[in-house]
Amino acid sequence: MIKQTLLISGLLVIVGGFLLIWDSPPQSFMRKQTGQVDEVPVADSYMTEISSLKFSRTGEQQFMLTSPRAEFFTKKSELTLNQPSIVSSSTNTENDQLSIKAKLGTLYGHGELVSLQENVVAVKEAPEGQTILNTDDLNYRPDSNTANNSGAFKLHTPEVTLTGSGLNANFTNEVFIINSKVRAIHEPR
């Protein structure tokens, strides 16, 4: 009789434990996180398939910006761009045009600075030929048609291929100042 009572009470404890676990919410079995997780910023608004023109103070078109998706953050006053494409023209002719494409970009203020990241390719069309700049980060200033970067880059002109680290570029005058680690290969026509 004692064996049957112990067996029945053991069975009741097992069934009770099973029912307690069965009816408990899953959160009761998860560990509580002790560290504080930074909240991912949420865009105040977003746009798809954007195309925007910026004009100079004299009314001339400075550049056209296109992107499949853009997110605007009011507190930071910045516009984050996916796959941005910038076409800038100082004389509004196809022979003197700058085209910049990247995987990501951020437009600050009212378009005074465009910061581009990941697979940045800038192509300057000129009567002498194309100048192609490849880098992973580039800060472009449309007002002065200048750019700079602090990392590695590759610059290919019609006659020279340059690599280095750190670059200041004036696309209007085609003047490029390389900060360090310069290597050049001359390729005459």
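The values are calculated or read from the model by the stated rules, or taken from the named source; none is laboratory data. Note that the coordinates shown come from a computational prediction; the quantities given were computed from them, not determined experimentally. Note that we place each Cβ from the backbone using ideal geometry, even for glycine, and neighbour counts take in every protein chain shown. In case anyone asks, the SASA skips ligands and DNA or RNA and just uses the protein heavy atoms, side chains included. Shrake-Rupley method; radii C 1.70, N 1.55, O 1.52, S 1.80 Å.
Residue by residue, here is whether (1) closer than 18 Å to E174 by Cβ; (2) touching a Ser or Thr at 6+ places or on another chain (Cβ under 7 Å) holds:
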{"position": "S56", "(1), (2)": "no, no"}
{"position": "P84", "(1), (2)": "no, yes"}
{"position": "S88", "(1), (2)": "yes, no"}
{"position": "K101", "(1), (2)": "no, yes"}
{"position": "T161", "(1), (2)": "yes, no"}
Problem - Test result for T106, touching a residue at least 24 places away in the same chain (Cβ under 8 Å), of a type in the set (V, I, T) and over 20 Å from I50 (Cβ atoms) - result: no
Exercise for the section: Just name the residue that is most open to solvent (accessible area, probe 1.4 Å) out of those in segment 108-135 that are under 17 Å from the mean Cα position of the chain (by Cα) and at positive phi. Expected result: N119
Exercise for the section: Output the number of the condition that Q27 fails; it satisfies all remaining conditions of (1) at pLDDT below 70; (2) part of a helix (DSSP H, G or I). Expected result: (1)
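Those residues that are modelled with pLDDT of 85 or more and either assigned to a strand (DSSP E or B) or touching a Phe, Trp or Tyr at 6+ places or on another chain (Cβ under 8 Å) (or both), I need them from segment 87-104; list them, please.
Going residue by residue through segment 87-104, those that are modelled with pLDDT of 85 or more are 87, 99-104.
Result: V87, S99, I100, K101, L104.
Determine whether N82 is open to solvent by 10 Å² or more (accessible area, probe 1.4 Å) and closer than 24 Å to K181 by Cβ.
On the way: open to solvent by 10 Å² or more (accessible area, probe 1.4 Å): yes; closer than 24 Å to K181 by Cβ: no.
No.
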Exercise for the section: Answer with yes or no whether D143 is part of a loop (DSSP other than H, G, I, E, B), open to solvent by 60 Å² or more (accessible area, probe 1.4 Å) and not small (G, A, S). Expected result: yes
Exercise for the section: Look at T131 and say whether it is within 15 Å of Q97 (Cβ to Cβ) and touching a residue at least 60 places away in the same chain (Cβ under 8 Å). Expected result: no
Fill in the blank from the handout: Of the conditions (1) part of a loop (DSSP other than H, G, I, E, B); (2) surrounded by fewer than 16 Cβ atoms within 10 Å (Cβ to Cβ); (3) of a type outside the set (D, E), the single one that A152 does not satisfy is (1)
